[in-house]
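J.: Here it is, the structure, as structure tokens.
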Amino acid sequence: MIPEWRGPGIADSMATSVFHRFATTDLDIVRDTMCGRFRPHAINPRGRPGEPRMFELDEVALGGDLILTKFRYNREVTIEAPPLDDFFVLKFTLSGRCQTSQGDASTSSLPGTLCVLNTTQPIRLDMDDAYSQMTVRIGRNVLEEALTADLGRRLPRRLEFQTAARPLHGGLASLARTVVAIWGDLAATGDHSGYCLKAVQKSTQQTIAALLLSAFPHNFSDALPGAGDGPVPYFVLRAERFIRAHAADPIALADIVRAAGVGERALQAGFRRFRATSPTGYLKLERLEQARLALLTGARARRTVTDIALDCGFSHPSKFARCYRDRYGETPSETLRRGWG
């Protein structure tokens, strides 16, 4: 859905006042560049020091509230940042893996998924050396004004999205195609693009806001008009909340069906359409996510892989190890050894 990285930028693009290209092997320059585009934060390479790696960044600016970037570090990197406060960042993973943590929540960002960085919590990103991403920086005011209009009332608290990397299906696929179309047009036409017009930039921001708010779960999703008939049905969101809260418990499909408040057939169809998996498949993924976070912090508490597997709802440690390796490309023991402890 999002195009793979093809070298430092789109090959036939030219630098313009709206499309910028940047590459360097100097980590200090990288820090200054990235801190200037987002917010001051720590960028710490991991692993053994070696020959300089080329940092690559392309950027499209559509006014102060909407900036698209595409970058990769070409090395293992840990980024620690304070709350973003004034803007959200939409992270489309192009290649590699990134463990994305916000506050106490964590998720594994894989190719073909979207993760949203909130404005209220500190952020930690652990990227592998193959990781690259396309990001959309959009002002908090843009999203909260759009949400206020949808709800017909002032927001009683800040907007916050779930900390979860979600596959690009349904409304999120539409969002990804929109971002790709904007990027491609500006890369090809530069200053002559219609997206340079302020009126078009404003409507573009509104389109991105509408797609994101309707398709990516947040703390006001249930209050949106027509939530039960929207891009993600209310019963799917209700089942997801139940699964996240009880993933470590010995729950079965019947328990999820009761929590969702619909029949099993409707629930299965809803998850297949909007989550590209089954309710029990979603439960397994949630347990794996919780297990991964526990493994990454488990060395400090002297926990074993078996203990963590059982605590996260896996009754057969050997089966857990196979599923974990298939999902993350490494064994639970390897994660535990290199954890953040």
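The values are calculated or read from the model by the stated rules, or taken from the named source; none is laboratory data. These figures come from a predicted structure and were not determined experimentally. No Cβ is skipped: glycine too gets one built from the backbone with ideal geometry, and neighbour counts run over all protein chains shown.
J.: Say whether the condition of being in contact with a Ser or Thr (Cβ under 8 Å, 6 or more places away or on another chain), crowded, with 19+ Cβ neighbours inside 10 Å and more than 21 Å from VAL136 (Cβ to Cβ) is met by at least one residue in the stretch 213-225.
T.: Scanning the stretch 213-225, I find no residue that is in contact with a Ser or Thr (Cβ under 8 Å, 6 or more places away or on another chain), crowded, with 19+ Cβ neighbours inside 10 Å and more than 21 Å from VAL136 (Cβ to Cβ), so the answer is no.
J.: Give me the pairs: first residue in the stretch 315-330 and touching a residue at least 60 places away in the same chain (Cβ under 8 Å), second residue part of a helix (DSSP H, G or I) and hydroxyl-bearing (Ser, Thr, Tyr), beta-carbon distance under 9 Å, and six or more apart or on different chains, which are they?
T.: Taking only residues 6 or more apart or on different chains, the pairs are TYR328/THR335.
J.: Which condition number does LEU288 fail, the rest of (1) in a loop (DSSP other than H, G, I, E, B); (2) at pLDDT 85 or above; (3) surrounded by 15 or more Cβ atoms within 10 Å (Cβ to Cβ); (4) of a type outside the set (Lys, Arg) being met?
T.: (1)
J.: Output yes when any residue across the stretch 173-194 is of a type outside the set (A, V, I, L, M, F, W, C) and closer than 30 Å to PRO45 by Cβ, and no when none is.
T.: No, the stretch 173-194 contains no residue that is of a type outside the set (A, V, I, L, M, F, W, C) and closer than 30 Å to PRO45 by Cβ.
J.: Can you pull out every residue in the stretch 232-277 that is of a type in the set (Ser, Thr, Tyr) and within 22 Å of CYS312 (Cβ to Cβ)?
T.: THR277
J.: Kindly indicate whether LEU90 is in contact (Cβ under 8 Å) with a residue 24 or more places away in the chain and closer than 20 Å to GLU160 by Cβ.
T.: So LEU90 passes the test.
J.: Being among the aliphatic types (A, V, I, L, M), at pLDDT 85 or above and more than 19 Å from MET134 (Cα to Cα): is that true of LEU211 here?
T.: No, not satisfied.
J.: Can you go through THR280, THR297, THR304, THR331 and tell me which one is at negative phi, in contact with a Lys or Arg (Cβ under 6 Å, 6 or more places away or on another chain) and surrounded by fewer than 19 Cβ atoms within 10 Å (Cβ to Cβ)?
T.: The unique qualifying residue is THR331.
J.: Can you tell me how many residues within the stretch 95-141 are over 10 Å from the mean Cα position of the chain (by Cα), hydrophobic (A, V, I, L, M, F, W, C) and farther than 21 Å from ASP85 by Cβ?
T.: 3
J.: Give me the residue from the stretch 34-83 that is acidic (Asp, Glu) and in a strand (DSSP E or B) and, out of that set, modelled with the highest pLDDT.
T.: Only one residue tops the list, namely GLU80.
J.: Going by the conditions given, is GLY261 in contact with a Lys or Arg (Cβ under 7 Å, 6 or more places away or on another chain) and closer than 29 Å to LEU336 by Cα?
T.: When the stated conditions are applied, GLY261 does not pass them.
J.: For the stretch 62-96, how many residues are closer than 23 Å to ALA173 by Cα, touching a helix residue (DSSP H, G or I) at 6+ places or on another chain (Cβ under 9 Å) and surrounded by fewer than 19 Cβ atoms within 10 Å (Cβ to Cβ)?
T.: Number of matching residues: 1.
J.: Using the structure shown, decide if VAL236 is outside any helix (DSSP H, G or I), at negative phi, without any contact (Cβ under 8 Å) to a residue 60 or more places away in the chain and in contact with a Phe, Trp or Tyr (Cβ under 9 Å, 6 or more places away or on another chain).
T.: No, not satisfied.
J.: While we're looking at this one, here's another question. Would you mind stating whether PHE38 is assigned by TED's automatic domain parsing to the domain that holds ALA199, closer than 23 Å to LEU212 by Cβ and touching a residue at least 24 places away in the same chain (Cβ under 8 Å)?
T.: For PHE38, the condition - assigned by TED's automatic domain parsing to the domain that holds ALA199, closer than 23 Å to LEU212 by Cβ and touching a residue at least 24 places away in the same chain (Cβ under 8 Å) - is met.
J.: If you don't mind, another one. Determine whether the stretch 269-278 contains at least one residue that is more than 23 Å from LEU117 (Cα to Cα), part of a helix (DSSP H, G or I) and modelled with pLDDT under 85.
T.: Yes, the stretch 269-278 contains a residue that is more than 23 Å from LEU117 (Cα to Cα), part of a helix (DSSP H, G or I) and modelled with pLDDT under 85.
J.: Right, here's the next one. Is the stretch 159-169 home to any residue that is at pLDDT below 90, assigned by TED's automatic domain parsing to the domain that holds VAL116, surrounded by 15 or more Cβ atoms within 10 Å (Cβ to Cβ) and in a helix (DSSP H, G or I)?
T.: For the stretch 159-169, residues at pLDDT below 90, assigned by TED's automatic domain parsing to the domain that holds VAL116, surrounded by 15 or more Cβ atoms within 10 Å (Cβ to Cβ) and in a helix (DSSP H, G or I): absent.
J.: Oh, and also: Mind listing whichever residues of the stretch 81-118 are within 20 Å of GLU330 (Cβ to Cβ) and touching a Cys at 6+ places or on another chain (Cβ under 7 Å)?
T.: THR100, THR107, SER109
J.: Conditions: (1) in contact (Cβ under 8 Å) with a residue 40 or more places away in the chain; (2) on the phi > 0 side of the Ramachandran plot. GLY261 meets all but one. Number of the miss?
T.: (1)
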